[in-house]
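All remarks here apply to the structure that follows.
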Amino acid sequence: MSVLLQKPLFPEVTQKELAEQLEAKGKCQTKLPSWFAASGIYYPNKLHIEQTSSERTAAYKAKLVEGKTLVDITGGLGVDTHFFAQKIGTVFHFEINKELSKIAAHNGKVFKTKNIFFKAENGLDFLRKSDALFDWIFVDPSRRSDTKGKVFLLKDCLPNVPKNLELLFKKSHHILIKTSPLLDISQGISELDFVKEIHVVAVKNEVKELLWVLEKGFSGAIKIKTCNLKNDGEDIFEFYQNNELVAQSHFGMPQTYLYVPNAAIMKSGGFKSIGQHYQLQKLQEHSHLYTSEHPIAFPGRRFKILEVHGFHKKHLKKWHSQQANISTRNFSETVAHIRKKFSIKDGGSHYLFFTTDVNNKAAVIHCKKE
């Protein structure tokens, strides 16, 4: 029976509030296991949990900062702040939503965190009034606008980071910004100043956030670091943006092994750098599929190639009513259309990559996952 229909269990808690708490807690089980397991945690509206960082990505952020003081001007539920406090001496959590600030402060007491100061006010207003210089400022601008709905350009987010960069750099030489994974990296670079590093963070091959490390006065090459957090560790690949611009790809026909970069690398745009680093040949400029004669450890998926042929009905008729996992890369037809056209069922242990080869001809690569 729904909690809403049951007799009230607690005199001071409505059944609606109890139902909301149970629903919100359920969303924390895998995303925020420490919150889920702790006794006495109060949960905000489920939307705030959906918008907050996971523990794994928050822990990753904490590795990027060091020093004595950090100001989180968009504190939210306080997950990032919680992990920053494990690296930084004093952390200030600012949240303009008074109810959410109160919840974050309550949960901070549950965790017995002594070095976070919770303030229910606008973090930018605090910085304008403060005479202090902080080691780090962290910003996670809201990607929801009252007038434009969901937004992705930094200038459309709240707070408007590009507009307030001068203020931020007056109060700290180091700024860390979390943005949507949908933000175009080139666009972000054009909107910001002194970008030193960009971190593309994925969890189980799904890009969750972009992290921008800004250092006042920095004018060197921008490092782009990709990280795919997996159950058994993490895949790291990094390169410099200027090297990617001048790197050369080596192209060739499919050999014995096929490689598909993970989602973080795909988002980073380091398509030449990844091939160059691992000495792989690329199938075609826009395919972003790579090949080699001998197997290598690779930050992504590796397949053993069983057969390569052209995109012809005579080659594909054997798959009629058979199972295969289908992917298209730089190909003229969609997965749905291919399945319908050749009556191929989804699933199984076989993989079919429909792509374009180095000779600009449609090709089908039949593989098995390594």
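Per-structure values
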quantity	calculated
Over the chain: helical MRE at 222 nm, DSSP H runs n ≥ 4 each giving -39500 (n - 2.57), nearest 500	-8000 deg cm²/dmol
For the chain: rounded, prolate or oblate by the Cα gyration tensor [a/c cutoff 1.5]	oblate
Net charge contributed by nearby residues that have their C-beta within less than 15 Å of Ser190 (K/R +1, D/E -1)	-2
Options Asn325, Ile177, Ile49, ranked by Cα towards positive dipole end of the chain, top entry (Cβ charges)	Asn325
Peptides ranked, highest mean first, by Cβ atoms within 10 Å: ranges 97-103, 221-227	221-227, 97-103
Electrostatic dipole magnitude of the chain [Cβ: Lys, Arg +1; Asp, Glu -1; Cα centre; debye, to 20]	1020 debye
Linear extension gain, Gln29 paired with Lys361, 0.36 nm per residue minus alpha-carbon span	114.8 nm
DSSP-defined beta bridges in the chain - what % are antiparallel, rounded to 5	65 percent
Charge tally in the Cβ shell below 13 Å around Thr356, where Lys, Arg are +1 and Asp, Glu are -1, Thr356 excluded	0
Per-residue ³J(HN,Hα) for the range 238-252, Karplus 6.51 cos²θ - 1.76 cosθ + 1.60, θ = phi - 60°, Hz, x for Gly and Pro	9, 7, 9, 4, 5, 5, 4, 5, 10, 5, 10, 8, 10, 9, x
Dipole of the range 246-369, positive direction: furthest Cα of Tyr290, Met253, Ile338, with charges on the beta-carbon	Ile338
Cα centre as origin, Lys/Arg/Asp/Glu Cβ charges: the range 246-369 dipole, Debye	460 debye
Shape category assigned to the range 21-67 from the gyration tensor of Cα positions, a/c cut at 1.5	prolate
Relative contact order for the chain, counting Cα pairs under 8 Å that sit 6 or more residues apart, in percent	8 percent
Ascending count of other beta-carbon atoms within 10 Å, so fewest first, for Lys129, Lys163	Lys129, Lys163
Chymotrypsin sites (Phe, Trp or Tyr not before Pro) restricted to the range 17-92 and DSSP loop, no more than 15 other C-beta within 10 Å	Tyr42
Extension gain, Ser130 back to Gln323 (0.36 nm per residue minus Cα-Cα distance, nm)	63.1 nm
GNM top mover of Trp136, Trp319, Trp212 - the chain, alpha-carbon springs below 10 Å	Trp319
For Pro162, net neighbour charge (Lys/Arg +1, Asp/Glu -1) across residues whose Cβ lies under 14 Å away	-2
Footprinting exposure proxy for Ile305, Ile189, Ile344 (fewest neighbouring C-beta atoms within 10 Å first)	Ile189, Ile305, Ile344
Proxy reagent accessibility, fewest Cβ within 10 Å first, across Lys25, Lys230	Lys230, Lys25
Cα-based shape type of the range 198-280, given that a ≥ b ≥ c are square roots of the gyration tensor eigenvalues and the cut on a/c is 1.5	oblate
Nearest-20 debye value, the range 74-187 charge dipole, Cβ charges on Lys, Arg, Asp, Glu	220 debye
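None of the figures in this text is laboratory data; all of them are computed from the coordinates on show. Because the structure is predicted, anything quoted here is derived from the model rather than measured. A quick note on method: Cβ atoms are made from the backbone with ideal geometry, for glycine too, and the neighbour counts reach across all protein chains shown.
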